1. Suppose the filter is more than 14 Å from every other protein chain (Cβ to nearest Cβ) and closer than 18 Å to A:THR137 by Cβ; does A:GLU61 pass it?
2. Taking the condition of being part of a helix (DSSP H, G or I) and facing another protein chain (nearest Cβ under 7 Å), how many residues in region B:112-121 meet it?
3. Between a residue in region A:191-206 that is at pLDDT below 95 and among the acidic types (Asp, Glu) and any residue that is assigned to a helix (DSSP H, G or I) and surrounded by fewer than 16 Cβ atoms within 10 Å (Cβ to Cβ), which pairs come within a Cβ distance under 7 Å, given they are 6 or more apart or on different chains?
4. Quick check on B:VAL165: is it outside any loop (DSSP other than H, G, I, E, B), more than 12 Å from chain A (Cβ to nearest Cβ) and more than 30 Å from A:PRO315 (Cβ to Cβ)?
5. With the structure loaded, tell me whether B:GLY43 is touching a Leu at 6+ places or on another chain (Cβ under 7 Å), within 14 Å of chain A (Cβ to nearest Cβ), surrounded by 15 or more Cβ atoms within 10 Å (Cβ to Cβ) and closer than 15 Å to B:ALA136 by Cβ or whether it fails that test.
6. Any residue at all in region B:101-111 that is at the interface with another protein chain (Cβ under 9 Å from one of its Cβ atoms), under 15 Å from B:LEU72 (Cα atoms), surrounded by 20 or more Cβ atoms within 10 Å (Cβ to Cβ) and not hydroxyl-bearing (Ser, Thr, Tyr)?
7. Residue by residue through region B:93-128, note down the ones that are of a type in the set (Val, Ile, Thr) and within 19 Å of B:VAL39 (Cβ to Cβ).
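The values are calculated or read from the model by the stated rules, or taken from the named source; none is laboratory data. None of the values given here were measured: they were computed from a predicted structure. Glycine gets a Cβ as well: all are built from the backbone with ideal geometry, and neighbour counts include every protein chain shown.
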Amino acid sequence: MMRHLISAADLTRDDAVLILDTAEEMARVADRPIKKLPTLRGRTVVNLFFEDSTRTRISFEAAEKRLSADVINFTAKGSSVSKGESLKDTAQTLEAMGVDAVVIRHGASGAPYTLANSGWIDAAVINAGDGTHQHPTQALLDAFTMRRRLVGRDAGLGQDLAGKRVTIVGDILHSRVARSNVDLLHTLGADVTLVAPPTLVPVGVEHWPCEVSYDLDRVLPKSDAVMMLRVQRERMNAAFFPTEREYSRRYGLDGERMARMPEHAIVMHPGPMVRGMEITAEVADSDRCTVVEQVANGVSIRMAVLYLLLGGNEPAVTHTRPATERPAHTVLSDEEK
Amino acid sequence: MDTHDSGVARPVLEGPDIARVLTRIAHEIVERAKGAEDVVLLGIPTRGVFLAQRLAAKLEEITGRKIPVGSLDITMYRDDLRMHPPRALARTEIPGDGIDGRLVVLVDDVLFSGRTIRAALDALNDIGRPRAVQLAVLVDRGHRELPIRADYVGKNLPTSLRETVKVQLAEEDGRDAVLLGAKPTAPAGER
């Protein structure tokens, strides 16, 4: 039974589709005058952020509040962590406070896994980004955005992304977004191609369920979605490419390149964008760019994940049992009316 | 829920009865709402939605006007969420003009404990402010746990708690019927 969401690779196709379908209903709540549901009333969720993040934290906080959970925000800066407290001590403090879920962002890959499997804490753990490892809710919101744009909002219900061709461009080496996306998109049946300078392609990529190319122009005409990644200067401790200008000439997306994409193809970016570096303002502001949609979809996806992991007495999402054995998230029986 | 498969389930309403019952409810709605001018029908998924659509068609026949119909999923408003794993959400679809100032008729297949309707009233609260809310059900089987009653009842069906009531509709189950069966071996309190 999956109580935590640590990695996009843990999700089965059925689980992923269930999350996307649930998010579609959650998105409708955002269109209402009262954007609130009583679903997680009385539950406490801690946003445990050891690494700076405004976008993801606000997105989770909005999702938690729309589901009526009690929200505690914890940032490492200025907390006991800066005085030297360990993750274990922090976890045990939260456990003592009776926390139901921990949303954790940590600079170290594997920190959420440790938190979930160490026995320090009983709460559900949701990975909000760990080092260069995983960012599963980002992958889910990207898949959600693709399904809406490429399959359709209503037509997409119950569907995966079978046969869609997704290109992920840029700093694959440092990108948890790329890793999570490759895992999830593969589960959902999409074909993924990574495009990056050879120095920014991780060792062992040949074992990933995707293709690798060094030539963006060759891949673009065959793409249904092109995801541009931010060049993470803060993680770059060596010279991975000669100059920014050269990177941007070979791997940046400008209007001219965008014109080579099929007409229906979309441009995605997990944000924050560095305009002029990996993406030009012309592309970023075009109709085909889904950056703003991705932010809105992020709240719906996080509501869906929180509901499915915390809404009942046990999570609806599972990766250990086949779909046929899953507890009934079916229609109401008359006994329950 | 699945007792009718065991063969002991006995039909108490068949297809033509259900059609007749819905016609009567439609006439009652027109009569009580004095023409059903501001009526909005909201079905509770799954079968309540089909019943609401059928009622809307009958109301249109009677009044000659198109009656707005939608669906209201109450899953996230249930008070027993923490007793079961979360269920997949069904569709909530509110007609374009909303429900503010309208007469909302909630439509469901079976009225039992009343908890679904309580949740539906909460859900309505978050969506708008109807002029009034009424309830139409195909079957009222009793055993209310809350002070809730239906305005329009297709059939009152006094049951024991050891029995199950199962509504089948052509849209979902391929036939129209209300089946009364014996609860298999489920211990009390399973609800």
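1. Working: more than 14 Å from every other protein chain (Cβ to nearest Cβ): yes; closer than 18 Å to A:THR137 by Cβ: yes.
When the stated conditions are applied, A:GLU61 passes them.
2. Initially, region B:112-121 is screened for residues part of a helix (DSSP H, G or I), giving B:115-121.
Those still in the list that are facing another protein chain (nearest Cβ under 7 Å) too: B:116.
Within region B:112-121, residues that are part of a helix (DSSP H, G or I) and facing another protein chain (nearest Cβ under 7 Å) number 1.
3. The qualifying pairs do not exist here.
4. Values: outside any loop (DSSP other than H, G, I, E, B): yes; more than 12 Å from chain A (Cβ to nearest Cβ): no; more than 30 Å from A:PRO315 (Cβ to Cβ): yes.
Here the answer is no, as B:VAL165 does not meet what is asked.
5. Details: touching a Leu at 6+ places or on another chain (Cβ under 7 Å): yes; within 14 Å of chain A (Cβ to nearest Cβ): yes; surrounded by 15 or more Cβ atoms within 10 Å (Cβ to Cβ): yes; closer than 15 Å to B:ALA136 by Cβ: yes.
Against the criterion (touching a Leu at 6+ places or on another chain (Cβ under 7 Å), within 14 Å of chain A (Cβ to nearest Cβ), surrounded by 15 or more Cβ atoms within 10 Å (Cβ to Cβ) and closer than 15 Å to B:ALA136 by Cβ), B:GLY43 qualifies.
6. Taking region B:101-111 as the starting set, the residues that turn out to be at the interface with another protein chain (Cβ under 9 Å from one of its Cβ atoms) are B:108-111.
From what is left, the residues that are under 15 Å from B:LEU72 (Cα atoms) are B:108-109.
Then keep just the ones that are surrounded by 20 or more Cβ atoms within 10 Å (Cβ to Cβ); that gives B:108-109.
Now restrict to residues that are not hydroxyl-bearing (Ser, Thr, Tyr): B:108-109.
Yes, region B:101-111 contains at least one residue that is at the interface with another protein chain (Cβ under 9 Å from one of its Cβ atoms), under 15 Å from B:LEU72 (Cα atoms), surrounded by 20 or more Cβ atoms within 10 Å (Cβ to Cβ) and not hydroxyl-bearing (Ser, Thr, Tyr).
7. First pass over region B:93-128, keeping only residues of a type in the set (Val, Ile, Thr): B:94, B:99, B:104-105, B:107, B:110, B:116-117, B:127.
Across region B:93-128, the qualifying residues are B:ILE94, B:ILE99, B:VAL104, B:VAL105, B:VAL107, B:ILE117, B:ILE127.
Residue-wise test of (1) more than 14 Å from chain B (Cβ to nearest Cβ); (2) more than 19 Å from A:SER300 (Cβ to Cβ); (3) surrounded by 15 or more Cβ atoms within 10 Å (Cβ to Cβ); (4) more than 19 Å from the chain's Cα centre (by Cα).
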{"residue": "A:ILE6", "(1), (2), (3), (4)": "yes, yes, yes, no"}
{"residue": "A:THR12", "(1), (2), (3), (4)": "yes, yes, yes, no"}
{"residue": "A:LEU18", "(1), (2), (3), (4)": "no, no, yes, no"}
{"residue": "A:THR39", "(1), (2), (3), (4)": "no, no, yes, yes"}
{"residue": "A:VAL46", "(1), (2), (3), (4)": "yes, yes, yes, no"}
{"residue": "A:PHE50", "(1), (2), (3), (4)": "yes, yes, yes, no"}
{"residue": "A:ILE72", "(1), (2), (3), (4)": "yes, yes, yes, yes"}
{"residue": "A:SER80", "(1), (2), (3), (4)": "yes, yes, no, yes"}
